[in-house]
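Here the structure is laid out as structure tokens; the discussion comes afterwards.
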Amino acid sequence: MHLVFSYGTLKRGQPNHHHMAAGIESGDCELVGFGETLTRYPLIVDQLFNIPFLLDVTDNLNAMNVEGEVYSVNDVMLERLDRIERHPVFYTRREIPVSINGNTEQLAWYYLMHNFRKDFLQLPAVRKYDSKDYPAFLAGSQRPPTEEEMQKLIAYVKGTD
């Protein structure tokens, strides 16, 4: 089993939690508890698509310990999360120390944004993401983005648009 730290839309009550809920139902994952990064990162919410990104930068003034949820997942679920997060093309999965339930320190997989637009570093950072604090995620679309839309999003985020 693997530990995975979720800081964004996969958390309970967030737009993509249905992926984790399906994994829980199938026995491929379970919620371990509250997590907090031991390393400080900027967690920003992109203003165009309203997507949270944990930026792979630790020496930024906006960096802080980020709050989220920790899940125990099997290989099937980890592969599913890699597909959802488009690892390694969009996000990069890395193992980093996390505090679990305020007392246990363990390594957990995170999905970090690597090679991103430099202007993202100017956006305000938050300790905890909640979609209710922002306009609708991906403009409120009730359907998954098309492949063309995803390619445009990736180009925008990576600064290659």
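Within the set of other residues whose C-beta is less than 13 Å from the C-beta of ARG127, count the net charge using Lys and Arg as +1 and Asp and Glu as -1. Present the calculation step by step, with values, prior to reporting the outcome.
Values: positive: ARG40, LYS128; negative: GLU36, GLU67, ASP130, ASP133.
Neighbour charge sum, excluding ARG127 itself: -2.
Cα gyration tensor of the chain, axes a ≥ b ≥ c as square roots of the eigenvalues: rounded (a/c below 1.5), prolate (a/b > b/c) or oblate?
Taking the square roots of the gyration eigenvalues as a ≥ b ≥ c, the chain is oblate.
When the accessible area of the chain is split by element with a 1.4 Å probe, what percent falls to carbon and sulfur?
51 percent
Kindly rank 90-99, 116-125 from highest to lowest mean number of other beta carbons found within 10 Å of each residue.
90-99, 116-125
Using the Cα gyration tensor of the stretch 57-110, with a ≥ b ≥ c the square roots of its eigenvalues, what is the shape: rounded (a/c below 1.5), prolate (a/b larger than b/c) or oblate (neither)?
Oblate shape, in that a/c is at least 1.5 and b/c is the bigger or equal ratio.
At 0.36 nm per residue, and after removing the present C-alpha to C-alpha distance, how many nm does the segment from ASN103 to ASN60 gain when stretched out fully?
Gain on extension, ASN103 to ASN60, equals 12.9 nm.
Would you work out if the stretch 1-92 is rounded, prolate or oblate? Take a ≥ b ≥ c from the square roots of the eigenvalues of the alpha-carbon gyration tensor; rounded if a/c is under 1.5, else prolate when a/b is larger than b/c, oblate otherwise.
prolate
What FRET efficiency would be calculated for the residue pair THR160, GLU95, taking the C-beta separation as r and a Förster radius of 25 Å, to the nearest 0.05?
The formula returns an efficiency of 0.35 here.
Find the relative contact order for the chain and round it to a whole percent, using C-alpha pairs within less than 8 Å whose residues are 6+ positions apart.
29 percent
Using θ = phi - 60° and the Karplus form 6.51 cos²θ - 1.76 cosθ + 1.60, what ³J(HN,Hα) does each residue of the stretch 73-80 get, whole Hz, x for Gly and Pro?
Coupling constants for the stretch 73-80: 10, 8, 4, 4, 5, 4, 5, 5 Hz.
I want to check the label-to-label distance for GLU147 and HIS18. Put each point 7 Å from Cα in the C-beta direction and report it in nm to one decimal.
Here the answer is 2.2 nm between the modelled labels.
Gaussian network model of the chain, Cα springs within a sub-10 Å range: biggest mean-square fluctuation belongs to which of LEU31, LEU48, LEU107?
LEU48
Using modelled amide H (1.01 Å from N, peptide plane; none on Pro or chain starts), what sits under 5 Å from the amide H of VAL32, excluding residues fewer than 5 places away?
When sequence neighbours closer than 5 places are left aside, the close amide H contacts are VAL70, TYR71, SER72.
In whole Hz, what ³J(HN,Hα) sequence does the stretch 2-19 give by Karplus (6.51, -1.76, 1.60; θ = phi - 60°), x for Gly and Pro?
Coupling constants for the stretch 2-19: 10, 9, 10, 9, 10, 10, x, 6, 8, 5, 4, x, 10, x, 10, 4, 4, 5 Hz.
Could you calculate the FRET efficiency of GLU79 with ASP119 from 1/(1 + (r/R0)^6), where r is the beta carbon distance between them and R0 is 25 Å, rounded to 0.05?
Once the sixth-power term is evaluated, E becomes 0.15.
With every protein chain kept in place and ligands, DNA and RNA left out, what is the accessible area per residue of the stretch 67-126? Probe 1.4 Å, answer in Å².
Numbers: 2960 Å² over 60 residues.
Counting only protein heavy atoms, the per-residue value for the stretch 67-126 is 49 Å².
The values are calculated or read from the model by the stated rules, or taken from the named source; none is laboratory data. Because the structure is a prediction, the values reported are computed rather than measured. Here the Cβ is made from the backbone with ideal geometry for all residues, glycine too, and neighbour counts use every protein chain on show. Remember, those area values only see protein heavy atoms, side chains included, never the ligands or the DNA or RNA. Shrake-Rupley method; radii C 1.70, N 1.55, O 1.52, S 1.80 Å.
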